[in-house]
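So the structure is just underneath, and the comments pick up after that.
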Amino acid sequence: MNQYSILNAVIYELLIELIEIWPKLKLNQWVRAALNWCRADWVKWRTEQTLKDVDRQAQEIVKEWEGQEKPKYEIIEHKPDGSRAQDLLGGTMEIKSTWRRD
C-alpha cells in the first residue's frame, strides 16, 4: 500500500506546471506553503513511478536479449597438472568458439 497521499502528489505537479506558466505565482506564500507541504508525498510518488518505468525498461531489454541468438562456444576443462595450485583450484579452463570463418 502507498505510504503517501496521491492527492498531495497531484497538487504538487499541478502547482509546478502553473508556476511554469506564471512564474510570479511562486512568490505567493500560499503556493510556497502548499509546495512545502506536498513535496514529501510528491517525491515518494515520483520515485515509485520512476522505479516502475525502470522495471518496464528492464523487462523490454530481457525480452530483446531472449530473442537474440545465443553465442555458441565450448568450454574445455583440463585436468590438473599436479602442481599445488592446480590441485587446490582445479585444472586450467579454456573457451573456444564453435564458429569458423571460411
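Each value in this text was obtained by applying a stated rule to the coordinates, not by laboratory testing. As the structure is a computational prediction, the values presented were derived from the model and not from experiment. Note that each Cβ is placed from the backbone with ideal geometry, even for glycine, and that neighbours are counted across all protein chains shown.
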Residues that are touching a residue at least 40 places away in the same chain (Cβ under 8 Å), surrounded by fewer than 10 Cβ atoms within 10 Å (Cβ to Cβ), out of contact with any Pro (no Cβ under 9 Å at 6 or more places or on another chain) and not in a helix (DSSP H, G or I): does region 54-70 have at least one? no
Among what's in region 1-36 and is touching a Phe, Trp or Tyr at 6+ places or on another chain (Cβ under 9 Å) and not aliphatic (A, V, I, L, M), pick the residue that is surrounded by the fewest Cβ atoms within 10 Å (Cβ to Cβ). Asn2
Filter region 18-49 for residues that are closer than 16 Å to Gln3 by Cα and among the β-branched types (Val, Ile, Thr); which is farthest from the chain's Cα centre (by Cα)? Val43
